[in-house]
1. Please work out which option in (1) 2, 9, 6, 7, 7, 8, 11, 15, 11, 8, 7, 4, 2, 0; (2) 3, 14, 28, 28, 18, 7, 2, 0; (3) 3, 14, 24, 24, 15, 10, 6, 3, 1, 0 gives P(r) over Cα pairs in 5 Å bins from 0, in percent calculated from these coordinates, and answer with its label.
2. Counting pairs of alpha carbon atoms under 8 Å apart in space and at least six apart in sequence, what relative contact order in percent does the chain give?
3. Taking Cα pairs under 8 Å and at least six residues apart, what relative contact order does segment 45-90 come out at, in percent?
4. Can you list which of the trypsin sites (Lys or Arg not before Pro) found in segment 1-66 are DSSP loop residues with at most 16 other C-beta atoms within 10 Å?
5. Angle, helix 70-91 long axis vs. longest principal axis of the chain, Cα atoms, 0 to 90°, nearest 10?
6. Give the whole-number value, in cubic angstrom per residue, of the convex hull volume spanned by the C-alpha atoms of segment 50-92.
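What follows is calculated from the coordinates using simple rules that are stated; it is not laboratory data. Computed from a prediction, not measured in an experiment: that's the story for all the values here. Counting neighbours? That spans all protein chains shown, and the Cβs are built from the backbone with ideal geometry, glycine included.
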Amino acid sequence: MGIERLFTPFGVYFLSINFIAFLFYGADKYKAIHHAWRIPERVLLLTAMMGGAFGSLFAMYFFHHKTKKLKFRLSIPLFCLLWGYVLFFSIS
């Protein structure tokens, strides 16, 4: 597997959605601290389900955000497993 795989449409999508998911969690944590309007939980979970699971998982522990909510502690790792399966079989 070379770096050229990152520049396929799927690779660009996958990197982008994970980056967006990471930014969403960071923005939501910032808004939570400053008592501002929040990003809905369903948007955070949907972003993970659509491919941003790895960015979501990294952001959860990087920002210490949503780590106590069971819904996130179960679903985000599950989405990571599912997307890992997709990635494994799309590469091979």
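1. Calculated P(r) over Cα pairs in 5 Å bins from 0, in percent: the matching label is (3).
2. Details: 84 pairs, mean separation 25.7, N = 92.
Relative contact order for the chain comes out at 28 percent.
3. Working: 30 pairs, mean separation 19.1, N = 46.
Reported relative contact order: 42 percent.
4. Values: sites: R5, K29, K31, R38, R42, K66; in loops: R38, K66.
Those that pass, being in a loop and sparsely packed, are R38.
5. 10 degrees
6. On the way: hull volume 2.5 nm³, N = 43.
Convex hull volume per residue, Cα atoms: 57 Å³.
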